[in-house]
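Trainee: My structure is below; once you've seen it, I'll send some questions.
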Amino acid sequence: MSMQIYNTESGSKETFEPRQLPVRFYVCGLTPKNEPHLGHARLFAVNDTVRRYLEYLGYNVTYVQNFTDIDDKIIAAGLREGIPPSQAARRYTESYFRDMDRIGVRRADIFTYVTEFIPQIIAFVSELIEKGHAYEVEGDVFFSVPSFPAYGRLSGRDADAMLAGARIEPDERKHDPRDFALWKSAKPGEPWWESPWGKGRPGWHIECSTMAKETLGEQIDIHGGGADLIFPHHENEIAQTESLTGKVPFVRYWIHTGMLSVPTEEGNGDEEKMAHSGTFVTIRSVLADGSVPAPALRLYLLGQQYRANLVFSEEQLRASVARWRRWEQARMTLLRLIAWAESNASDETAEPGEPEQQLTEQLATAKDEFLAAMDDDFNTSRALSAIDEMVHRANDYANALGGGAASPAVLAALRQALATLEEVTGVLGIALENVEAAGSALSAERVAEIETLIAERDAARKAKNWAEADRIRKTLDEDYHVTIKDTPQGATWNVHD
RNA sequence: GGCGACGUAGCCAAGUGGUAAGGCAAGGGUCUGCAAAACCCUCAUUCACCGGUUCGAAUCCGGUCGUCGCCUCCA
């Protein structure tokens, strides 16, 4: 079964066949005008997962993402904070990297900034004018929608619908109400660049057409973005690029991620799309108190098929934290058992026993399901279930292991289970250790103290001095925030909140 | 008003013709000196509602109700 991708343009799943290698993948990034919110987190986590899966399948991928670092909202952000627009853009670009690093979104191969492509944008616009697809009016340049008959192909809108539904008064300088700005003349006090049409700056839309062409070429394989960009942004990108190059299609697969909304404060069951009317929950705020490890947030965001709209829910976020902790614990258990098996090796037969064979088969079946789910338009919800199954089976196997010595077959089975678990979670970009918690790691002295106490407790337990054993456990719990787990292979511990 | 999507258990969510995955929550049990974690069992005769097609539908068709997104800055 080959991989299927739902293409917005056709409205159906299509077999993925890249035009050429590397796969050319462009994602509409954000306008750095504020702290990134959960909607951004979802968008970039989803596209990062698509990228990781393509690479997992063996494709080389060139992944490009832009920052629209000049825009009305950035100018407003600069005014709001009393800093130049460029500085506001830089500040929130840094916020983007900070937050995305935390939730495991890998850096793009190429990040493009609109302000670094002004000459190319001007050249693009000039050529559109020469080819009769654009016209200048008083320092502004507009794209002529009627010059591009295929307009509306992506969003499924016809001209009548677009005109009938228009809620804003069209600029009367436009030849057609649907025409949109390619270049905007500068108003007093705004940043500007020199152009053949006077001082001004790029309109929204043209930057993506230009930067995609400059970095990936005239035709690309995958273009991602939020579902709210289908119209007009992506419709306009198609019009600009195809009018310029004459090559169709500009994009082979359009991938649009569903919107994330938050319940309104009234609590009446209504919800509002994130970033609409200024309503948004920042990534930073969700991760602030440490109760939601960053990988668990990513797990939450991948919990639904990416095209569906998602209503943010604290309760579901907590459910994802619990799920992630179970995975994390399973990994810890495997690591612990592998260490134990390595130091307690027996020279028994290397023939795998019934439990080992069973575990191996169960994990292979679950992995097949994982791959089938990902092949089916990146159905991460299904894929997560497959990982649950792996964790489940690994824990089951671990529970059945006794003390004593481990045969080579046991060690091999444990290593195989760990490798499988890390492989599939790696494809989804979900780390199985809380790197941020590890950053506040205990000192060596502290660890030594803890291990001394554990040794004392073991001695007390061997002597069946339960009162002393419990006293030590209580000390560890309250003074060291350490939870003890007794296993057939010895006591283990971990730090809790 | 136009375009599109959706409506599955207490919550979230897979499932596009063959008899309802998974997670969280809840209840019971196993293991344990007691715990913790894990594991086992239970938890939708039913998929918004009404008709229709079919041997058979959550899945297809028609209608009704409801929700959401886009059409305007947005990821």
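The values are calculated or read from the model by the stated rules, or taken from the named source; none is laboratory data. Model, not experiment: these values are computed from the prediction. Using ideal geometry, Cβ is built from the backbone for each residue, glycine included, and neighbour counts are taken over all protein chains shown. Note: accessible area is taken over every heavy atom of the protein model, side chains too, but ligands, DNA and RNA are not part of it. Shrake-Rupley method; radii C 1.70, N 1.55, O 1.52, S 1.80 Å.
Trainee: Of these, A:Glu423, A:Glu451, which one is without any contact (Cβ under 8 Å) to a residue 60 or more places away in the chain, within 30 Å of A:Thr49 (Cα to Cα) and not aliphatic (A, V, I, L, M)?
Mentor: A:Glu423
Trainee: Oh, and also: Tell me whether region A:29-40 contains one or more residues that are part of a strand (DSSP E or B) and either farther than 26 Å from A:Trp192 by Cβ or of a type outside the set (Lys, Arg) (or both).
Mentor: For region A:29-40, residues part of a strand (DSSP E or B) and either farther than 26 Å from A:Trp192 by Cβ or of a type outside the set (Lys, Arg) (or both): present.
Trainee: Test A:Asn47 against the stated conditions and say whether it is in contact (Cβ under 8 Å) with a residue 24 or more places away in the chain, closer than 22 Å to A:Phe111 by Cβ and near RNA strand B (Cβ under 10 Å from one of its atoms).
Mentor: Here the answer is yes, as A:Asn47 does meet what is asked.
Trainee: Looking at A:Ile121, is it under 16 Å from A:Trp204 (Cα atoms) and either open to solvent by less than 50 Å² (accessible area, probe 1.4 Å) or at pLDDT 95 or above (or both)?
Mentor: Against the criterion (under 16 Å from A:Trp204 (Cα atoms) and either open to solvent by less than 50 Å² (accessible area, probe 1.4 Å) or at pLDDT 95 or above (or both)), A:Ile121 qualifies.
Trainee: Within region A:222-236, does at least one residue satisfy the condition of being more than 16 Å from RNA strand B (Cβ to nearest atom) and either under 19 Å from A:Phe142 (Cα atoms) or surrounded by fewer than 23 Cβ atoms within 10 Å (Cβ to Cβ) (or both)?
Mentor: No; the residues of region A:222-236 include none that is more than 16 Å from RNA strand B (Cβ to nearest atom) and either under 19 Å from A:Phe142 (Cα atoms) or surrounded by fewer than 23 Cβ atoms within 10 Å (Cβ to Cβ) (or both).
Trainee: Which residues, counting only those in region A:70-87, are open to solvent by 20 Å² or more (accessible area, probe 1.4 Å) and of a type outside the set (Gly, Ala, Ser)?
Mentor: Those that are open to solvent by 20 Å² or more (accessible area, probe 1.4 Å) and of a type outside the set (Gly, Ala, Ser): A:Asp71, A:Asp72, A:Lys73, A:Ile75, A:Leu79, A:Arg80, A:Glu81, A:Ile83, A:Pro84, A:Pro85, A:Gln87.
Trainee: Among A:Ala417, A:Ala366, A:Ala394, which is the only one that is touching an Asp or Glu at 6+ places or on another chain (Cβ under 7 Å), more than 27 Å from A:Met100 (Cβ to Cβ) and at pLDDT 95 or above?
Mentor: Just one listed residue meets the conditions, A:Ala366.
Trainee: Could you list all residues from region A:5-28 that are assigned to a strand (DSSP E or B) and open to solvent by less than 30 Å² (accessible area, probe 1.4 Å)?
Mentor: Matches in region A:5-28: A:Ile5, A:Asn7, A:Val23, A:Phe25, A:Tyr26, A:Val27.
Trainee: So which residues in region A:375-402 are assigned to a helix (DSSP H, G or I) and farther than 22 Å from A:Pro355 by Cα, if there are any at all?
Mentor: A:Asp375, A:Thr380, A:Ser381, A:Arg382, A:Ala383, A:Leu384, A:Ser385
Trainee: I would also like to ask the following. In this structure, is A:Met162 outside any loop (DSSP other than H, G, I, E, B), modelled with pLDDT under 95 and open to solvent by less than 60 Å² (accessible area, probe 1.4 Å)?
Mentor: For A:Met162, the condition - outside any loop (DSSP other than H, G, I, E, B), modelled with pLDDT under 95 and open to solvent by less than 60 Å² (accessible area, probe 1.4 Å) - is met.
Trainee: Let me ask you something else. Does A:Glu433 satisfy the condition of being at pLDDT 95 or above and open to solvent by 20 Å² or more (accessible area, probe 1.4 Å)?
Mentor: For A:Glu433, the condition - at pLDDT 95 or above and open to solvent by 20 Å² or more (accessible area, probe 1.4 Å) - is not met.
Trainee: Further question: Do we have any residue at all in region A:101-109 that's of a type in the set (Gly, Ala, Ser), within 30 Å of A:Ser285 (Cβ to Cβ) and touching a strand residue (DSSP E or B) at 6+ places or on another chain (Cβ under 7 Å)?
Mentor: The answer is yes; a qualifying residue exists.
Trainee: Restricting attention to region A:290-304, which residues are open to solvent by 40 Å² or more (accessible area, probe 1.4 Å) and near RNA strand B (Cβ under 10 Å from one of its atoms)?
Mentor: Once the filter is applied, which keeps residues that are open to solvent by 40 Å² or more (accessible area, probe 1.4 Å) and near RNA strand B (Cβ under 10 Å from one of its atoms), region A:290-304 yields only A:Gln304.
Trainee: While we're here: Can you find a residue that is within 11 Å of RNA strand B (Cβ to nearest atom) and charged (D, E, K, R) anywhere in region A:14-25?
Mentor: No; the residues of region A:14-25 include none that is within 11 Å of RNA strand B (Cβ to nearest atom) and charged (D, E, K, R).
Trainee: Output the residues belonging to region A:389-419 that are surrounded by 14 or more Cβ atoms within 10 Å (Cβ to Cβ) and within 15 Å of RNA strand B (Cβ to nearest atom).
Mentor: A:Glu389, A:Met390, A:Val391, A:His392, A:Arg393, A:Ala394, A:Asn395, A:Tyr397, A:Ala398, A:Leu401, A:Leu414, A:Ala417
Trainee: Moving on to the next point. Could you tell me how many of the residues in region A:460-489 are more than 17 Å from A:Gln329 (Cα to Cα), more than 10 Å from RNA strand B (Cβ to nearest atom), of a type in the set (A, V, I, L, M, F, W, C) and surrounded by 13 or more Cβ atoms within 10 Å (Cβ to Cβ)?
Mentor: Qualifying residue count, region A:460-489: 1.
Trainee: Just name the residue that is farthest from A:Gly200 (Cα to Cα) out of those in region A:71-112 that are of a type in the set (Phe, Trp, Tyr) and in contact with a helix residue (DSSP H, G or I) (Cβ under 8 Å, 6 or more places away or on another chain).
Mentor: That would be A:Tyr96.
Trainee: Any idea which of A:Arg42, A:Arg52, A:Arg91, A:Arg106 is of a type in the set (Lys, Arg), crowded, with 21+ Cβ neighbours inside 10 Å and touching a residue at least 24 places away in the same chain (Cβ under 8 Å)?
Mentor: Criteria check complete, one pass: A:Arg42.
Trainee: Let me ask another. Would you check which residues across region A:314-362 are open to solvent by less than 90 Å² (accessible area, probe 1.4 Å) and not in a helix (DSSP H, G or I) and list them?
Mentor: Within region A:314-362, A:Asn344, A:Ala345, A:Ser346, A:Thr349, A:Ala350, A:Pro352, A:Gly353 meet the criteria.
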